[in-house]
Amino acid sequence: MRRAIPVLAATGGALALLANFHTRPAAPVASVAAVAPTTTTAPEPTSRSSASSAPSTTTTPSDTKVVDGPVASNDYGDVQVRVTLRGHQIIDVQALQLPHDRSRSASISNFSGPILRREALQAQSAQIDLVSGATYTSESYAESLQGALDKANR
Amino acid sequence: MTHDRRASGTRRAEEQWGTVIGVDVRDPVAREVLDEVYAWFARVDDLFSTWRDDSQISRLARREIDLRDAPEEIREVLERCDELTSESHGAFDIAFAADPRVAPRPGFGPIDPSGFIKGWALERAAAMLGAAGVANFAINAGGDVLTRGQPEPGRRWQIGVQHPFDRAAVAAVVVGTDLAVATSGRYERGDHIVDPRTGQPARDLASVTVVGDDLGRADAYATAALVLGDEGIDWLASRPGIEAMTIADDHTATFTSGFPREEHAA
């Protein structure tokens, strides 16, 4: 039987995805890993004045936790995401702030913003048959997602 | 490299073209049919490898053979590439080596159709499998993907698009039956895409994914859009039969309106 690839099943993958929203270049994954498990409750919404502001966490019923990441400024504007966790699993990711200067006409695109929340969920749960990407070498194939997929399906 | 026979089909992966080509057949298929497909991939390397001095394309570049004497595949590819150069207003141009490792030889024009060959060769491989009566299969050559039919009855192929900033994640999932999906990006082999119009490395975009009905065209378009940068998605949106997704260096993802991605119900 087919199964989900382990490398995609890890919450860490999605968290790493979120890490990329934070700064340019990407923030170290470790800094985000520290964000998720935090249970400190901060009633106020995170201020957007500082890129180093502490993440706020709201505990909601049924073991669901909402975490607002810090506001990160890059050359294009401010970015902030809100992550909803159930246990250690990400169940939703929303963009609270996006840079505005890169919006596209609706006739051309139906989405323009930081890489999607839905795809962050996908990475954990999707049944993926193949992976399209920039050409990997024979040597880097084993570390590629396609290589991992082939190994899992063998 | 591997040859695994499963109850539902056959999966094979072999090193070729400096990468790995995987063929995933979901119907019963004779081993000889797959042998022929991989023999075709080897022939493509004999014809088009810019890394080998003895390939036909290298001999052509050194004027050792004349275009009139070149194999039919060479002439077809060069004609198709000329059309693609015209369609992309010069952003895709095999007469300018997109890969700086392919050094122009003094006195000879560089010819590097590698931004088109993989996709073109996979389309031919798909035709070979189709002629052998195989209806449900997928081929992946180093990230260029072609699918036919279904992976299982009632389910469509799901193709993850490699996240450019996270090797362990996908940035989108493309869903469909008969698809050509090509991705061009700077994350695997560095800043190797050069704008033929300026000679400068491509900027703005980390990756471009093009979905269409012909993988050679999708392959070339992905390369061209990476060169076009911020204008790339607008150009792709103007091309008939093409859907596309770009991910910019600032981590912004942009999709054409008909991009066939999975809508995931959370």
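Observations, loosely collected:
- A Förster radius of 51 Å combined with the Cβ-Cβ distance from A:Asp63 to B:Leu67 puts the calculated FRET efficiency at roughly 0.15.
- Spin-label pair B:Asp53/B:Glu87, simplified geometry with 7 Å Cα→Cβ offset, distance in nm: 3.6 nm
- Efficiency of FRET between B:Arg75 and A:Gln127 - r from beta-carbon atoms, R0 35 angstrom, step 0.05: 0.25
- Take the accessible area of B alone and of A alone, subtract that of the pair with a 1.4 Å probe, and the total buried over both chains is about 5100 Å².
- Within-10-Å neighbourhood charge of B:Arg167 [Cβ basis; K, R +1; D, E -1]: -3
- Solvent-accessible area of chain B (1.4 angstrom probe, protein heavy atoms only): carbon and sulfur portion equals 49 percent.
- Over chain B, DSSP H runs of length four or greater, each weighted -39,500 (n - 2.57), average out per residue to a 222 nm ellipticity of -9500 deg cm²/dmol.
- Virtual spin-label span in nm between B:Gln200 and B:Asp35, 7 Å along Cα→Cβ: 5.4 nm
- Note on chain B: with a GNM built from Cα contacts shorter than 10 Å, the maximum mean-square fluctuation among B:Gln162, B:Gln200, B:Gln16 falls on B:Gln200.
- Computed across the range B:139-266, the Kirkwood hydrodynamic radius from all distinct Cα-Cα pairs reaches 14.7 Å.
- Spatially, the range B:202-217 and the range B:71-97 are offset by 16 Å when compared through their Cα centroids.
- Largest GNM mean-square fluctuation across B:Thr183, B:Thr256, B:Thr147, computed for chain B with C-alpha springs under 10 Å, falls on B:Thr256.
- B:Ala135-B:Asp230 pseudo-label distance in nm [points 7 Å out on the Cα-to-Cβ vector]: 4.9 nm
- Cα gyration tensor shape for the range B:1-95, rounded if a/c is under 1.5, else prolate or oblate: prolate
- Shape metrics for the range B:5-264, restricted to C-alpha atoms - Rg then Dmax, Å: 18.1, 56
- Entry comment: accessible area of the range B:5-264 is 37 Å² per residue, from protein heavy atoms only and a probe of 1.4 Å.
The values are calculated or read from the model by the stated rules, or taken from the named source; none is laboratory data. In this text, all values refer to a predicted model and were calculated from it rather than measured experimentally. Ideal geometry is used to build each Cβ from the backbone, glycine not excepted, and the neighbour counts take in all protein chains shown. All accessible areas refer to the heavy atoms of the entire protein, side chains included, with ligands and DNA or RNA removed. Shrake-Rupley method; radii C 1.70, N 1.55, O 1.52, S 1.80 Å.
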